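The values are calculated or read from the model by the stated rules, or taken from the named source; none is laboratory data. Treat the numbers as computed from the prediction; the structure is a model and nothing was measured. Cβ atoms come from the backbone with ideal geometry, glycine included; neighbour counts cover every protein chain shown. Ligands, DNA and RNA are excluded from the accessible area calculation, which covers all protein heavy atoms including side chains. Shrake-Rupley method; radii C 1.70, N 1.55, O 1.52, S 1.80 Å.
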Amino acid sequence: ETISTENAKSLTSFTAGGSSIFRENGLITSFDELKYFTSYTSVAGSYNWTSQKTDSDFYGCENLRSINLENIVSIGEGGFEASGIETVYAPKLNSLSQKAFFGCKNLKAVQSLGTVNTINANTFEGCSSLTTVILPKECTKINESAFAGCTSLTLIEIGERITSIPNYAFNGCS
């Protein structure tokens, strides 16, 4: 179905029949048109601990390499889990949930996380290609396993507001 630029402005979600229209879509490679969806400001995501499954907007989109996140203010739990995203640039972001980028093996750089003040548990865990992370100056807390398994991590800029880093936050990093 084709959506006009005018209609895109009013859409707030990408769901049909109760789940994301993009979930586990192996064909989508780029979604820079997201900039036209000005009312869509939160990437939906939730994790069912009973079934151990993520239900999020872009879960499992393994070939998705780029997406325009300039209007996004929050990313829900597992929002991009197991996707193929390569770079994160989200200058308006203020909320980043657990497992937001969990297992994104192609993720190389986190350039802007807006004003996020907490990097939650497992947020970037298993992002084995991640080399560079620039945390916002507003960031005050990094939780356990936030960057566990980021075996290629060579540069992380951490502001002076972070006073302690818990055990295992960088477990498995070289």
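Which residues, counting only those in segment 73-84, are of a type in the set (A, V, I, L, M) and surrounded by fewer than 23 Cβ atoms within 10 Å (Cβ to Cβ)?
Within segment 73-84, Val73, Ala82 meet the criteria.
Inspect segment 91-112 for any residue being within 24 Å of Asn171 (Cβ to Cβ), buried (at least 17 other Cβ atoms within 10 Å of the Cβ) and basic (Lys, Arg) and give the result as yes or no.
Yes, some residue in segment 91-112 is within 24 Å of Asn171 (Cβ to Cβ), buried (at least 17 other Cβ atoms within 10 Å of the Cβ) and basic (Lys, Arg).
Can you name the condition, by its number, that Leu153 falls short on among (1) in contact with a Cys (Cβ under 9 Å, 6 or more places away or on another chain); (2) in contact (Cβ under 8 Å) with a residue 24 or more places away in the chain?
(2)
Could you please give the count of residues in segment 136-174 that are open to solvent by less than 70 Å² (accessible area, probe 1.4 Å), of a type in the set (Val, Ile, Thr) and more than 20 Å from the chain's Cα centre (by Cα)?
Looking only at that region, the number is 1.
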